[in-house]
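Participant: My questions will all concern the structure given below.
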Amino acid sequence: MFRRGFATFTQAAVDEMKRVRRMPTSQPGLSTVARAVRWTLGLSAIGGFGFAVYDFSQDSSILREPLKKLADDADKLLSGVTPYDWVRKQVSDVDEYIHRPISKKLLPDLPPPPPGYVNKPTLIVGVEGVLVIPVYERGRGFRYQKRPNVDLFLSEMSKYYEVVFFSSDTVMSVAPILEKLNHGPFASGMLFRDALDVVGEKVYVKDLSNLNRDLSRTVLVDADLNAWQRQPENAIGCSWWEGDLNDNQLQELSYYLRSLALQPGDLRKTMGPGKTPEQRMADASRFAEIVRKREIEIAEEKKRQQQRAQKSIFARH
């Protein structure tokens with residue numbers, strides 16, 4: 001059945017081709033008309049392109065670089081570079097463009113400080129694993145859960161720093177979550193995946209040199225080991241939160257970062273230029289422990305002073 005239908009279709013096509021060929025020139029067949037239309041459109045396109053090149057060439061700055069690059073690519077193609085290598089290079093260039101940060105100036109310029117004052121240092125805070133984690137609930141799907149002490153941490157940091165959220169996720173996915181976190185508001189800026197840079201085999205990093213901020217007064221807090229590859233001397237590496245409700249790392253960071261913000265000059269020197277981000281987090285934990293002990297001692301001393309004052313009053317009566 002199939003062979004018979006195919007043979008019938010083929011024979012009909014051959015008969016139609018013979019009929020078109022026998023038609024006189026004054027009555028062109030469909031294929032002749034199609035060819036005429038193609039030639040007309042093709043010549044029109046070439047003429048339009050030629051006119052555009054001539055017109056824009058009057059302002060040579062518009063086409064000089066693109067045409068030069070096209071000529072250089074053509075020379076390379078004709079001088080031993082295989083078409084496969086050339087196409088691969090073009091795909092690589094497009095891929096690099098896509099994974100490049102959207103700007104070399106991710107944050108707007110800071111306003112000049114009042115006379116006698118300086119701008120706050122900048123604190124870049126990672127989102128995933130630092131402030132929130134995605135949690136799956138049956139019947140509700142995925143939602144984000146806040147790390148303990150998030151609100152207190154952000155509230156305190158906004159007093160000492162220009163706080164900027166920097167997420168590795170897309171703006172569509174995480175922006176609504178950040179809007180809820182930023183109810184203070186605490187953060188003055190939000191950055192997303194399109195602000196990340198790529199090194200090696202698709203390793204996403206947070207390149208602080210693109211922030212438009214003084215790196216000597218910039219600190220990155222993140223839980224992603226890849227995030228600080230470009231500027232490890234600016235980073236404090238906190239642990240990835242796994243959902244432990246007794247976690248107090250943000251509180252520890254709060255003690256340390258408040259003290260750090262009050263230091264003059266290059267904050268990288270204060271944090272220790274020869275230390276790893278993880279070692280700086282350990283320093284923050286030790287510093288927080290010292291501060292807590294000191295706070296307990298002060299509270300106990302204050303309590304003892306109040307008790308002595310009360311005894312003194314009773315003794316007079």
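Participant: Somewhere in the stretch 227-234, is a residue under 25 Å from Asp169 (Cβ atoms), assigned to a loop (DSSP other than H, G, I, E, B) and among the polar types (S, T, N, Q)?
Facilitator: Residues of the stretch 227-234 under 25 Å from Asp169 (Cβ atoms): 227-232, 234.
Those still in the list that are assigned to a loop (DSSP other than H, G, I, E, B) too: 227-231.
Subset that is among the polar types (S, T, N, Q): 229, 231.
Looking for residues that are under 25 Å from Asp169 (Cβ atoms), assigned to a loop (DSSP other than H, G, I, E, B) and among the polar types (S, T, N, Q), one finds at least one in the stretch 227-234, hence yes.
Participant: Of the residues that make up the stretch 137-153, is at least one of a type in the set (Asp, Glu), in a strand (DSSP E or B) and within 16 Å of Pro277 (Cβ to Cβ)?
Facilitator: So far as the stretch 137-153 goes, no, none of its residues is of a type in the set (Asp, Glu), in a strand (DSSP E or B) and within 16 Å of Pro277 (Cβ to Cβ).
Participant: Okay, moving on. Within the stretch 194-206, can you find the residues that are touching a helix residue (DSSP H, G or I) at 6+ places or on another chain (Cβ under 9 Å) and either closer than 26 Å to Arg258 by Cβ or not in a strand (DSSP E or B) (or both)?
Facilitator: Across the stretch 194-206, the qualifying residues are Asp194, Ala195, Leu196, Lys202, Lys206.
Every residue, every condition in (1) assigned to a loop (DSSP other than H, G, I, E, B); (2) under 20 Å from Leu253 (Cβ atoms), yes or no:
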| site | (1), (2) |
| --- | --- |
| Ser155 | no, yes |
| Val174 | no, no |
| Gly184 | yes, yes |
| Ser188 | no, yes |
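Participant: Any residue at all in the stretch 254-277 that is part of a helix (DSSP H, G or I) and acidic (Asp, Glu)?
Facilitator: Initially, the stretch 254-277 is screened for residues part of a helix (DSSP H, G or I), giving 254-261, 267-271, 277.
This time we only want the ones that are acidic (Asp, Glu), so: none.
No, the stretch 254-277 contains no residue that is part of a helix (DSSP H, G or I) and acidic (Asp, Glu).
Participant: From the list Leu154, Leu225, Leu191, exactly one residue is in contact with a helix residue (DSSP H, G or I) (Cβ under 8 Å, 6 or more places away or on another chain) and on the phi < 0 side of the Ramachandran plot. Which is it?
Facilitator: Within the list Leu154, Leu225, Leu191, the selection yields Leu154.
Participant: Looking only at the stretch 277-291, which residues are under 15 Å from Trp240 (Cα atoms), buried (at least 17 other Cβ atoms within 10 Å of the Cβ) and of a type in the set (A, V, I, L, M)?
Facilitator: If the condition is that a residue be under 15 Å from Trp240 (Cα atoms), buried (at least 17 other Cβ atoms within 10 Å of the Cβ) and of a type in the set (A, V, I, L, M), then Met281 is the only one that fits.
Participant: Given the conditions (1) surrounded by fewer than 17 Cβ atoms within 10 Å (Cβ to Cβ); (2) assigned to a helix (DSSP H, G or I); (3) in contact with a Phe, Trp or Tyr (Cβ under 8 Å, 6 or more places away or on another chain), report the number of the one that Asp247 does not fulfil.
Facilitator: (2)
Read-outs throughout are calculated quantities, based only on the coordinates presented, and are distinct from any laboratory measurement. Nothing here was measured: the structure is a model prediction, and the numbers come from that model. Methodologically, a virtual Cβ is constructed for each residue, glycine included, from the backbone with ideal geometry; neighbour enumeration extends over all protein chains shown.
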